[in-house]
Amino acid sequence: ADAPSNMAAPEAAAAAAPGVLGVLWLVSVTVSAGPWGAAAAAAAGGDETVKCEDLRVGQYFCKDPEINEATQEPVNCTNYTAHASCYPAPNITCKDFSGNETHFTGNEVGFFKTVPCRNVNGYSYRVAVALSLFLGWLGADRFYLGYPALGLLKFCTVGFCGIGSLIDFILISMQIVGPSDGTSYIIDYYGTRLTRLSITNETFRKTQKYP
């Protein structure tokens, strides 16, 4: 009576083996695709070398861009954007701007960081303020900034009896009124500048990035 039961046990084990192997395969695939699998791959040395621009703060330093003495803006300013050279710290290995994996010593350029710059066209902030203060009642400030009609009107009305000259002096000093061509004033690179902040759908919906 015991012989049939003993013979049925191997047959049941053989029938259950494919199901067990399928479960083990599914678990191995899930682990390899999950965070544990990534950590295991990184520990095994299979992690890909990061790009230099993805380094954390403190793993690189960027030099200030070279400043044009005439414009007081970076010499390579194009479309309101300039580039500063960034150097990974010594003993850092990453992919540089050319895509080459490099072991840096601290003297090689790893990538270029974009910095904002302004478009200027020869209009000096100091000159505009001085003209508005001393010759604003003659409309010299408006002529200088490219508003000949308003300049002529101020000249004929003696600066709107002084009231228009005072208002223009305040607006120019606060950099609210600028050159007529839409460019910015020439101001010292580390001088006082007005930065206009605006809230749009893009800035409102922009997600925060945390390290």
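The values are calculated or read from the model by the stated rules, or taken from the named source; none is laboratory data. Since the structure is predicted, the reported quantities are computational estimates derived from the model, not experimental observations. Cβ placement follows ideal geometry from the backbone for every residue including glycine, while neighbour counts extend to all protein chains displayed. For accessibility, only protein heavy atoms count, side chains too; no ligands or nucleic acids. Shrake-Rupley method; radii C 1.70, N 1.55, O 1.52, S 1.80 Å.
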Selection count where residues are more than 13 Å from residue 152 (Cα to Cα) and not in a helix (DSSP H, G or I), scope the range 121-140: 4
Cross-chain or 6+ apart pairs with Cβ under 8 Å, the range 170-181 first and outside any loop (DSSP other than H, G, I, E, B), then β-branched (Val, Ile, Thr): 171/177; 172/129; 173/129
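Go through the residues of the range 137-154 one by one and say whether even a single one is without any contact (Cβ under 8 Å) to a residue 24 or more places away in the chain, among the charged types (D, E, K, R), under 26 Å from residue 64 (Cβ atoms) and not assigned by the TED database to the domain that holds residue 76. Show your work before the answer.
In the first step, residues of the range 137-154 are kept if they are without any contact (Cβ under 8 Å) to a residue 24 or more places away in the chain; the result is 138-140, 143-144, 148-154.
Right, trim to among the charged types (D, E, K, R) and you get 154.
Next, from what is left, pick out any that are under 26 Å from residue 64 (Cβ atoms): none.
No.
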Odd one out for residue 97, checked against (1) open to solvent by 50 Å² or more (accessible area, probe 1.4 Å); (2) of a type outside the set (S, T, N, Q); (3) in contact with a strand residue (DSSP E or B) (Cβ under 9 Å, 6 or more places away or on another chain); (4) modelled with pLDDT of 95 or more: (4)
Contact list, first residue from the range 82-101 and within 15 Å of residue 114 (Cα to Cα), second anywhere and outside any loop (DSSP other than H, G, I, E, B) and open to solvent by less than 40 Å² (accessible area, probe 1.4 Å), beta-carbon distance below 6 Å, six or more apart or interchain, is 82/74; 82/115; 84/115; 86/111; 97/111
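Which count do you get for residues in the range 48-89 that are of a type in the set (A, V, I, L, M, F, W, C), assigned to a loop (DSSP other than H, G, I, E, B) and within 30 Å of residue 121 (Cβ to Cβ)? If you could, list the steps in order and put the result at the bottom.
Step one: of the range 48-89, the residues of a type in the set (A, V, I, L, M, F, W, C) are 50, 52, 55, 57, 61-62, 67, 70, 75, 77, 82, 84, 86, 89.
Still in the list and also assigned to a loop (DSSP other than H, G, I, E, B): 50, 55, 57, 70, 75, 77, 89.
Within this subset, residues satisfying the condition of being within 30 Å of residue 121 (Cβ to Cβ) are 70, 75, 77.
Qualifying residue count for the region: 3.
Return the residues of the range 80-94 that are under 15 Å from residue 62 (Cβ atoms) and open to solvent by 80 Å² or more (accessible area, probe 1.4 Å); say none if nothing qualifies. Steps first, please.
Here is the first cut: in the range 80-94, the residues under 15 Å from residue 62 (Cβ atoms) are 81-89, 92, 94.
Within the range 80-94, 83 is the sole residue that qualifies.
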Quick check on residue 109: is it open to solvent by less than 50 Å² (accessible area, probe 1.4 Å), under 22 Å from residue 145 (Cα atoms) and not in a strand (DSSP E or B)? no
Let me confirm something: among 140, 130, 149, which residue is open to solvent by 60 Å² or more (accessible area, probe 1.4 Å) and among the small types (Gly, Ala, Ser)? 149
Looking at 119, 76, which one is at pLDDT below 95, open to solvent by less than 80 Å² (accessible area, probe 1.4 Å) and under 30 Å from residue 164 (Cα atoms)? 119
